[in-house]
Amino acid sequence: MRGGERAAVRPLTAGDDLAAISRIYAESWRTAYRGLIPQSYLDRLRDDAWLPMLRSRPQDSLVLELDGVPVGTACCCAAREEARRGWGEIVSLYLLPACRFRGLGSLLLWSAVERLRGQGLERIYLWVLENNQPAPALL
């Protein structure tokens, strides 16, 4: 983080600006997955593509605010895979491109881990694309 900035992670609520959170996903995908996912798909991504997910389960998401402005989000819940029953899963973790590589991703990741552990889920996993180099650096 830069000097004087205040970062805070909190649960997402249904009353939050879900469109702004969906835009974080879209902008992140367009940057992070360039060269990993076909560009034609990234070019067609709509800013509101994540709204249905956010509306249906806001309680699974966290929002990272920098000076009160949403700049990152993570989705975490009990594992969705039957083989990992009793585990926690970090489904997604995204930051606005301008906020990457400043320690904010680590803050968001560890907030998600704490949240899952608070639910009694000690074993936690997440999936990353094989060539997504910045993602494993968070661990």
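The values are calculated or read from the model by the stated rules, or taken from the named source; none is laboratory data. In this text the structure is predicted, and so the values were computed from the model without any measurement. Cβ placement follows ideal geometry from the backbone for every residue including glycine, while neighbour counts extend to all protein chains displayed. For the accessible areas, the whole protein counts, side chains as well, though only heavy atoms, and no ligand, DNA or RNA atoms are used. Shrake-Rupley method; radii C 1.70, N 1.55, O 1.52, S 1.80 Å.
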| query | When you scan the stretch 78-91, how many residues do you find that are in contact (Cβ under 8 Å) with a residue 24 or more places away in the chain and surrounded by fewer than 19 Cβ atoms within 10 Å (Cβ to Cβ)? | reply | 6
| note | In the stretch 1-34, anything open to solvent by 40 Å² or more (accessible area, probe 1.4 Å), touching a residue at least 12 places away in the same chain (Cβ under 8 Å) and under 24 Å from VAL128 (Cβ atoms) is listed as MET1, VAL9, PRO11, ARG23, GLU27, TRP29, ARG30, THR31
| message | I'd like the full set of residues that are open to solvent by 50 Å² or more (accessible area, probe 1.4 Å) and under 26 Å from TYR125 (Cβ atoms), limited to the stretch 35-77. | response | GLY35, LEU36, TYR41, ALA49, PRO52, MET53, ARG55, SER56, ARG57, GLN59
| task | Check LEU51, LEU42 and return the single one that is in contact with a Ser or Thr (Cβ under 7 Å, 6 or more places away or on another chain) and of a type outside the set (Phe, Trp, Tyr). | result | LEU51
| note | Subset of the stretch 95-110, residues within 26 Å of ARG80 (Cβ to Cβ) and open to solvent by less than 30 Å² (accessible area, probe 1.4 Å), comes to LEU95, LEU104, GLY105, LEU108, LEU109
| message | It is to be established whether one or more residues within the stretch 103-110 are within 12 Å of the chain's Cα centre (by Cα), touching a residue at least 60 places away in the same chain (Cβ under 8 Å) and not in a helix (DSSP H, G or I). | response | no
